[in-house]
Amino acid sequence: MLYPFAAAAVAINLFMLGLMGPAVGLPALSPVVSLALSVPLGLPACWLAARWLRHLLDEAGG
């Protein structure tokens, strides 16, 4: 259930990073390319977010 949110966060971050590309001589990333890249990169981001959330729940539980 966390995957759509993690993939959306990855897409937004990639797009914002792509907007900074022309400042260092790289081409800008379009929103479509950012969405396409977020599909495979969303899975590791989701896994890391779930591990972080599990850690917080374990820490809060005692």
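Below is a table of values for the structure above.
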{"read-out": "Index of the failed condition, LEU56 passing every other in (1) surrounded by fewer than 16 Cβ atoms within 10 Å (Cβ to Cβ); (2) in a helix (DSSP H, G or I); (3) touching a helix residue (DSSP H, G or I) at 6+ places or on another chain (Cβ under 8 Å)", "value": "(3)"}
{"read-out": "Only one of LEU35, LEU29 that is surrounded by 14 or more Cβ atoms within 10 Å (Cβ to Cβ), more than 9 Å from the chain's Cα centre (by Cα) and outside any helix (DSSP H, G or I)", "value": "LEU29"}
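Read-outs: derived from the displayed coordinates by stated rules, not from any lab. Remember, it's a predicted structure, so these values are computed and weren't measured experimentally. Don't worry about glycine lacking a Cβ; one is built from the backbone with ideal geometry, like all the others, and counts go over all protein chains shown.
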